[in-house]
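Chemist: Encoded as structure tokens, here's the structure I'll be asking about.
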Amino acid sequence: MAQISPQHTIAVGWSGGIDSTALLLALKQAGHTVQAWHIDHGWHAQSAAWGHALQQQAQAWGIPYLHHRLTLPAANNREAAARQGRYQAFSALAAEHPIRLLCLAHHADDQAETVCMRLLQGAGIQGCCGMRARRSMFNMQLARPLLHVRKHELTQALQQAAITTLEDPSNCDTSLWRNHIRHRLFPAIVRSGYTPTSLFHRWQQQALRLNSIIHQQADLITITREQKGCHVVWSQWSEQPQAIRVAVLQRMV
């Protein structure tokens, strides 16, 4: 939690599950003033009752609780639609309250799943760099302070503290990409004698190194900005490998 300043109230995206509960209580125990922000996706019949139970639990812990229910349109990619709706809801809550830092409980196992999923989706080097520990999003800062922590460590910490959590039924829906990777692909990799978390973390580190090299090379190409746009020297740009040309074009855009 070293990168989290204690100066301001921190919002925590709280589902009631193991990961976000561990983060919420760890920040509170470390002396931070926290709020629990719960986004109800409405994916299961008990979601409203679940939100009420979380509100009561937060009250028992002395933690302010804010709730937002999504109405998601039918979409081919439910995960993407839910993610977009969730972040928009977080942004709306941040606009209503003087809070500019939101912490999410993504951990090391989530990071490995993310890199694997992006590889399977055909992402490039930048996409395979995984989730960032800190980034700006809409009107706030987003932090992921648990990216170095394994899931089993969070589970063990809550078990030792005798804290019970909720398990979202949608976490078992293997029609969702991430759940398919978590419950089918990764166990198959383990049965083959490999550790998927270590495997995809190594690829993430390689992607981070390659991405750094690409942007160092892109820094050598001068982008001239004008009132109506920008341009580069064609000979400078055209002699570069494709990955560097793409990085320069992204900067120009």
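The values are calculated or read from the model by the stated rules, or taken from the named source; none is laboratory data. Predicted model only: the values in this text are computed from it and were never measured. Cβ sites come from the backbone with ideal geometry, for glycine too, and all protein chains shown count toward neighbours. Surface accessibility is based on the protein's heavy atoms, side chains included, excluding ligands, DNA and RNA. Shrake-Rupley method; radii C 1.70, N 1.55, O 1.52, S 1.80 Å.
Chemist: Any chance you could count how many residues in the range 216-242 are within 32 Å of the chain's Cα centre (by Cα) and open to solvent by 50 Å² or more (accessible area, probe 1.4 Å)?
Modeler: Of the residues in that region, 6 qualify.
Chemist: Another question, if that's okay. Taking the condition open to solvent by less than 30 Å² (accessible area, probe 1.4 Å), more than 19 Å from W43 (Cβ to Cβ) and assigned to a loop (DSSP other than H, G, I, E, B), does I99 pass? Write out each step before concluding.
Modeler: Working: open to solvent by less than 30 Å² (accessible area, probe 1.4 Å): yes; more than 19 Å from W43 (Cβ to Cβ): yes; assigned to a loop (DSSP other than H, G, I, E, B): yes.
Considered against the rule, which asks whether it is open to solvent by less than 30 Å² (accessible area, probe 1.4 Å), more than 19 Å from W43 (Cβ to Cβ) and assigned to a loop (DSSP other than H, G, I, E, B), I99 comes out as yes.
Chemist: Still on this structure, please answer the following. Here is a list: A58, A36. Which entry is in contact with a helix residue (DSSP H, G or I) (Cβ under 6 Å, 6 or more places away or on another chain), crowded, with 18+ Cβ neighbours inside 10 Å and modelled with pLDDT of 90 or more?
Modeler: Of the residues listed, the single one that is in contact with a helix residue (DSSP H, G or I) (Cβ under 6 Å, 6 or more places away or on another chain), crowded, with 18+ Cβ neighbours inside 10 Å and modelled with pLDDT of 90 or more is A36.
Chemist: Starting from residues that are farther than 17 Å from V34 by Cβ and among the small types (G, A, S), keep the ones in the range 133-156 and report whichever is surrounded by the most Cβ atoms within 10 Å (Cβ to Cβ).
Modeler: Out of the qualifying residues, it is A133.
Chemist: Separate question: Against the definition (out of contact with any Cys (no Cβ under 7 Å at 6 or more places or on another chain) and either modelled with pLDDT under 85 or β-branched (V, I, T) (or both)), how does A80 come out, yes or no?
Modeler: Here the answer is yes, as A80 does meet what is asked.
Every residue, every condition in (1) part of a helix (DSSP H, G or I); (2) open to solvent by 20 Å² or more (accessible area, probe 1.4 Å); (3) in contact with a Phe, Trp or Tyr (Cβ under 9 Å, 6 or more places away or on another chain), yes or no:
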position	(1), (2), (3)
H67	no, yes, yes
L93	yes, no, yes
C116	yes, no, yes
C128	yes, no, yes
M131	no, yes, no
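Chemist: Any chance you could count how many residues in the range 164-198 are of a type in the set (S, T, N, Q), in a loop (DSSP other than H, G, I, E, B) and surrounded by 15 or more Cβ atoms within 10 Å (Cβ to Cβ)?
Modeler: Total meeting the criteria: 1.
Chemist: While we're looking at this one, here's another question. Need the failing condition index for L120 against (1) open to solvent by 70 Å² or more (accessible area, probe 1.4 Å); (2) at positive phi, just the number.
Modeler: Result: L120 fails condition (2) only.
Chemist: Checking the condition open to solvent by less than 70 Å² (accessible area, probe 1.4 Å) and more than 21 Å from the chain's Cα centre (by Cα), which residue from S47, S20 passes?
Modeler: S47 is the lone residue from the list that is open to solvent by less than 70 Å² (accessible area, probe 1.4 Å) and more than 21 Å from the chain's Cα centre (by Cα).
Chemist: Go through R202, R209, R251 for me and flag whichever is open to solvent by 80 Å² or more (accessible area, probe 1.4 Å), within 29 Å of L119 (Cβ to Cβ), among the basic types (K, R) and in contact (Cβ under 8 Å) with a residue 24 or more places away in the chain.
Modeler: After applying the criteria, what remains is R251.
Chemist: Checking G42 against (1) farther than 24 Å from Q156 by Cα; (2) part of a helix (DSSP H, G or I), which single condition isn't satisfied?
Modeler: If we test G42 against (1) farther than 24 Å from Q156 by Cα; (2) part of a helix (DSSP H, G or I), just (2) comes out false.
Chemist: Which of the residues belonging to the range 206-253 are farther than 16 Å from Q126 by Cβ and acidic (D, E)?
Modeler: Residues satisfying the conditions are E226, E239.
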